[in-house]
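Okay, so here's the structure we're looking at.
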Amino acid sequence: MAVCLLIAGFSFWITSEPGRITGVSIGICTSSLWYKILSSIFTPSDLFAIFYSPGNGPVPFTYCAEAFPLYIRDLGMSLATATTWFWNFVLSITWPLLILTFKPQGAFGWYAAWCCILWVLILLFVRETKGKTLEELDQVFAIDAGIHAGYGLRQVPYCFKKFVLFQNPVPEQLHQLEGRVLSTRRNEKARMEVEADLEKANL
């Protein structure tokens, strides 16, 4: 997303109008070139899905739905959704002022820089929740943030070897998951509330 924003922003320095329009179109992933290449296979809405679906579109909602324990999942998901829409509102309100103050190049560059900063923060602090049970997630989130940040940094050379050099490095196992372990006070409270909900449902 940062690369697309930079392409779109820097295209405003192109003096010829057709070139500027083409650059901005490439930056927002709907250029006529992409359309000519892929139109025989995909519709324009499919092109949007190709670039948007693996990224920032659905992932935050899916992640928040998995990350919170059952006894606060409704509150956590509500807060996550409200936060997303709040920042959408802030972006919509501030975008015209950014265009006037920083020009299009600076406005697009501003958000591209934030994409890069957030990529680093996600690498260091966002935990992996894929394929884990609720009990396993409790162990995942119990790991100290500093330990997880070090693990995230070690993933950079691992991914470079695996996806650039096409080697087969041994992945590091950060979490030693031991099945259904309910040892913390939070886990016990969650278990009791789930049992109470099940009893109410049976009544």
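Every read-out reported here was derived from the displayed coordinates using simple, explicitly stated rules and does not represent laboratory data. These numbers were taken from a predicted model, which means no experiment stands behind them. Here Cβ is always computed from backbone atoms with ideal geometry, including for glycine, and neighbour counts include all displayed protein chains.
Tabulated results
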item: Burial order of peptide ranges 95-105, 157-167 (average beta-carbon count within 10 Å, highest first); result: 95-105, 157-167
item: Mean Cβ neighbour count within 10 Å, used as a protection proxy, ranking 3-15, 79-91 highest first; result: 3-15, 79-91
item: Highest-first arrangement of 61-70, 117-126, where packing means the average Cβ count within 10 Å; result: 61-70, 117-126
